[in-house]
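First up is the structure itself, then whatever we jot down about it.
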Amino acid sequence: MKYLSEYRDPEMVEQYLKEISRIVTRPWNIMEVCGGQTHSLVKNGLIQMLPESVRMIHGPGCPVCVTPLHLIDKAVHLALEKGVILCSYGDMIRVPGSGMSLLEAKAKGADVRVLYSPLEAVKLAKANPDKEVVFFAVGFETTAPANALSVIHAQREGLTNYSILASHVLVPPAIAAVLEDEDTQIQGFLAAGHVCTIMGIDEYYPLVEKYKTPVVVTGFEPVDLLQGILMVVRQLEAGTYQLENQYSRMVRPEGNPDALAVIRQVFEVSDREWRGVGVIPDSGYEVKEAFGLFDANRKFEFSQEKAEESKECIAGQVLKGIKKPHECPAFGKKCNPQHPLGAPMVSSEGACAAYYHFSQVLENV
Amino acid sequence: MCLAIPGKILSIEHQYNGLVRMAKIQFGSIFKEASLEMVPAASIGDYVLVHVGVAISIVNEEEAERTFKYLAEIGELDELIEHTQL
């Protein structure tokens with residue numbers, strides 16, 4: 001319990017842990033979908049503090065981790081062969097493609113830049129009218145408004161040299177895919193709070209009904225997580241299944257209507273390939289045809305032979321919660337954040353990197 | 001990168017021919033520009049949750065400071081710092 005002193009609310013943390021232990025009568029598997037929640041659970045040692053019968057399974061909620069290999073290869077190709085200024089978020093440029101990462105492409109002379117926001121990429125395009133600027137737009141629903149806005153800003157500016165390479169994924173279809181997979185045995189979910197700040201909570205009702213599984217929209221701080229876990233365990237013990245909102249101080253049931261309007265203006269729902277998982281129907285966003293000029297997939301042809309994943313990497317099983325990161329033979333040995341075999345070892349929100357960074361905390365797991 | 005970070009609106013300027021409100025946001029000792037297009041009701045002095053350069057909701061000061069402190073503790077503010085200049 002040495003980490004308790006680090007919390008601002010140690011009493012509340014202890015109270016929730018006690019209450020969870022008091023009511024739990026048998027083992028339950030609960031998945032937290034968001035990588036930020038995984039990071040928080042691992043970093044704070046909460047996983048160790050929970051009763052053994054409450055098993056937290058880490059979900060596929062790391063956008064960098066599920067971006068398919070062929071899109072990374074395409075981004076590398078655009079940067080190296082087409083002379084574009086290729087921009088993305090920090091984690092994305094370190095993820096290995098089948099040949100190399102964007103960071104390695106940069107070392108070979110490609111113009112690869114890490115930006116904080118896609119809106120900065122639009123400014124970059126305006127300042128460099130003789131260059132094509134491509135923003136590798138990865139993300140879950142939380143990131144979609146920013147990526148969509150960049151397209152709208154570029155259109156307003158009359159830019160013809162800005163496009164996004166969209167790799168957008170959606171949480172509810174991923175939950176459905178996890179529940180459909182016979183190898184996973186998840187009985188309850190913590191849904192991602194900030195995703196619901198944008199999207200609202202309505203799309204989770206059908207999931208709860210169809211799969212008779214409790215879902216609790218949850219924040220990412222220790223007290224939020226424990227409260228969310230308690231709410232799920234309560235339902236499981238009572239044999240009920242409902243959608244509950246632990247994070248109501250940040251999540252309104254209707255979400256953010258202005259953000260939803262921008263998303264719907266620029267994107268349409270499409271099938272998406274998730275790295276390590278496969279194609280999930282209606283699980284992502286593509287740029288609408290009306291904004292085709294700003295879609296790097298339409299703008300730049302790229303054909304390649306089928307990209308091969310590392311045979312040693314078990315990222316797919318980790319992302320679906322079938323295996324824990326440290327159950328991989330390569331974990332911490334051949335695969336580490338400096339030399340990652342797979343994407344979950346790159347992003348701080350990836351389960352493998354979280355376990356690696358806090359392995360001391362986890363030595364007893 | 002999926003977490004939104006709370007910050008305070010210091011100033012607001014209109015860009016894109018007055019169509020877009022862009023704010024200067026203070027995150028502790030770091031300053032960033034963010035679009036206010038998703039939070040039309042936000043004004044100077046308000047705290048907003050910002051994700052990759054776009055404010056996505058208005059939050060109260062107490063919540064903002066608590067969350068910011070927690071994000072700093074778990075090292076989630078790197079994305080504010082870790083990027084190159086244009």
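Here are the numbers for the structure shown:
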| item | result |
| --- | --- |
| Condition met for residue A:167 (part of a strand (DSSP E or B), within 14 Å of chain B (Cβ to nearest Cβ) and polar (S, T, N, Q)) | yes |
| Filtered residues of segment A:217-263 (kept if assigned to a loop (DSSP other than H, G, I, E, B) and hydroxyl-bearing (Ser, Thr, Tyr)) | A:240, A:241, A:247, A:248 |
| Segment B:35-82: number of residues that are more than 10 Å from the chain's Cα centre (by Cα) and of a type in the set (Gly, Ala, Ser) | 7 |
| Residue under evaluation residue A:96, criteria (1) in a loop (DSSP other than H, G, I, E, B); (2) modelled with pLDDT of 95 or more, criterion not met | (2) |
| Which numbered condition residue A:75 misses (of (1) surrounded by 24 or more Cβ atoms within 10 Å (Cβ to Cβ); (2) more than 14 Å from chain B (Cβ to nearest Cβ); (3) part of a strand (DSSP E or B)) | (3) |
| Qualifying residue in segment A:17-38 (condition: in a loop (DSSP other than H, G, I, E, B), crowded, with 21+ Cβ neighbours inside 10 Å and modelled with pLDDT of 95 or more) | no |
| Of residues in segment B:17-39 being part of a loop (DSSP other than H, G, I, E, B) and under 15 Å from residue A:146 (Cα atoms), the one farthest from the other protein chains (Cβ to nearest Cβ) | B:36 |
| Cross-chain or 6+ apart pairs with Cβ under 6 Å, segment A:292-303 first and over 15 Å from residue A:152 (Cα atoms), then surrounded by fewer than 17 Cβ atoms within 10 Å (Cβ to Cβ) and among the small types (Gly, Ala, Ser) | A:298/A:292 |
| Among residues of segment A:82-93, those that are at negative phi and assigned to a loop (DSSP other than H, G, I, E, B), counted | 3 |
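A quick yes/no check of all residues on (1) crowded, with 21+ Cβ neighbours inside 10 Å; (2) modelled with pLDDT of 95 or more; (3) more than 10 Å from chain B (Cβ to nearest Cβ); (4) touching a Cys at 6+ places or on another chain (Cβ under 8 Å):
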site	(1), (2), (3), (4)
A:92	yes, no, no, no
A:102	yes, yes, yes, no
A:106	no, yes, yes, no
A:110	yes, yes, yes, no
A:119	yes, yes, no, no
A:124	no, yes, no, yes
A:127	no, yes, no, no
A:136	yes, yes, yes, yes
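The values are calculated or read from the model by the stated rules, or taken from the named source; none is laboratory data. Note that the coordinates shown come from a computational prediction; the quantities given were computed from them, not determined experimentally. Counting neighbours? That spans all protein chains shown, and the Cβs are built from the backbone with ideal geometry, glycine included.
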